[in-house]
1. Only helical DSSP H runs with n ≥ 4 go in: add -39500 (n - 2.57) per run for the chain, normalise by residue count and round the 222 nm mean residue ellipticity to 500 deg cm²/dmol.
2. Suppose R0 equals 51 Å. What FRET efficiency, 1/(1 + (r/R0)^6) with r the Cβ-Cβ distance, do Arg369 and Asp29 give to the nearest 0.05?
3. Taking Cα pairs under 8 Å and at least six residues apart, what relative contact order does region 150-318 come out at, in percent?
4. Give the shape of the chain as rounded, prolate or oblate, defined through the alpha-carbon gyration tensor: a ≥ b ≥ c are the square roots of its eigenvalues, a/c under 1.5 means rounded, and otherwise the shape is prolate if a/b is larger than b/c and oblate if not.
5. Considering only Cα-Cα distances, which of the following residue pairs are longer than 19 Å: Lys77/Lys127; Lys133/Lys185; Lys77/Lys133?
6. So if R0 is 41 Å, what FRET efficiency would Ser352 and His318 give, r being the distance between their Cβ atoms, rounded to the nearest 0.05?
7. What order do you get for Glu5, Glu370 when you list them from fewest to most C-beta neighbours inside 10 Å?
8. Cα to Cα, under 22 Å, and not fewer than 8 places away if on the same chain: which lysines meet these conditions relative to Lys417?
Amino acid sequence: MTPEEPIHVWFCGPDPSFAEVIGRTLGPDFTVRINAGFDPGAAPAQQAWWDVVLLDFRDTENGASVDAMLRLMDEVKRVTPAPPVTVMMGNDDRALTRKLFENGAYDTLASPPDIVELRLLLRRGYKLREAEKELFLWRSQERSTGRLFELVGASESMQEVFSLVRKVAPCDVSVLITGETGTGKGLLSRAIHRLSQRSTAPFVAFSCANMPETLVEDELFGHEKGAFTGAIAARRGRFEEGDQGTLFLDEIGDLALGLQAKLLRVLQERTFERLGSNTPRTVNIRLICATHRNLEAMVKEGKFREDLYYRLNVVQIHLPALRDRRDGIPVLAHHLLERFAEQFGKTVKDFSYVAMHALEEYAWPGNVRELENAIQRAVVLAEGPTIEMWHLPPSLRGGFEQPHTTHSYEEEVREFKRRLVLRTLRECGGNKAETARVLGLARGYLHRLINQLQIESDGAASEEEDREEASPETA
């Protein structure tokens, strides 16, 4: 497939007239710019233009020319992503060819070239660079938006996780993902698969939690017809389904000791048998496991095999709880808001200041899964463009409202205003001008409000708030 615009070829060589002949012979699908010689200083001016680089090198005995060409290639490689460099050579110099490939050459061919072969090489090089540009753009966007596929995390701790995933994914090793329930271990396993060399092969997921041992064994290894009552046909297990791809075993800490031995054998020998069969079956999978349990402690207690633990724990990735990465909650919350608003056809686009404050202060025992449910509920209930406090679940409003009270409406409103001003003053370090800006109030009105609500000014505000939060009535 030829691109809509001609492929831009930067041609460097000692013979400009020969370069002009090659340029005309390549045809209308290529546009050629000619540079006489191998001057590295000429490369930067072409960086925004070139798609591929073509070098014409015939004098392989000239050491100075070789050095100049290698310096030019070094300059070309400074671009990200670098254009593929094809070198036309006058004779078959194997030592030089090896040096060219070590220096990043895309390919070599004889000079003068077979034009059909040259067109083919240049087109392949162009397609390779387009793919690399797309991948580079995608990675840049992922990093700038704090995302890794479906995973969203702008906090420093999550960015460290994403960085580790990008290093581990291309290497075909077992990975153990740890973290509390609801932190996104399943999504992280999918991200590892999609960034791995097995990305075009199957991704198979299975949870070992709360299932009888016999059922888990059948799910993992499959069975033959007649293996047990009700086995009316042969059935492939998860290992066979995931052959050549990735198998994700969630809650591996719940796996029975008997099955742990069978799993260890599969990892060591890459073979297993279906239930009711003695015929070994070979499988090639990458295993990713996840657990919320402390496997190291389980090993000491004799509840988990030590040899299997070390097999699984080649690389361990820990997903922090949501309460430990509160600085990333706003980005994650807005991502979920956009997703659910589109799903339900809602016009809601933002959170009120108080609602976002509540999301950031809540402990989130259910982690990201609980946050997802809370925002889904809020989007369903919202009728305008903004998520307000009363759209959130009652459990999130504890620090801002009193669920059980005998106060009048006026007292409730006064208490709510008082808490809001206190918290905002604390966040702004007692700076009333900044507090007024955050709350969207005039400074004069904020001063009157502070007096009306009997809030102590500046540093005393945080002390008063601490006393408020320690009171059993507001717990």
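1. Working: 18 runs with 214 residues, N = 475.
The helix-only estimate for the chain comes to -14000 deg cm²/dmol at 222 nm.
2. Computed FRET efficiency for Arg369 and Asp29: 0.45.
3. On the way: 293 pairs, mean separation 52.1, N = 169.
The value is 31 percent.
4. Details: a/c = 2.90, a/b = 1.42, b/c = 2.05.
It is oblate, given that a/c is not under 1.5 and a/b is not larger than b/c.
5. Details: Lys77/Lys127 17 Å; Lys133/Lys185 30 Å; Lys77/Lys133 14 Å.
From Lys77/Lys127; Lys133/Lys185; Lys77/Lys133, over 19 Å: Lys133/Lys185.
6. Working: r = 34 Å, r/R0 = 0.82.
Calculated value: 0.75.
7. Values: Glu5 9, Glu370 19.
The most exposed by this proxy come first: Glu5, Glu370.
8. Lys432
Each reported figure results from applying straightforward, stated rules to the coordinates on display, with no laboratory input. Treat the numbers as computed from the prediction; the structure is a model and nothing was measured. No Cβ is skipped: glycine too gets one built from the backbone with ideal geometry, and neighbour counts run over all protein chains shown.
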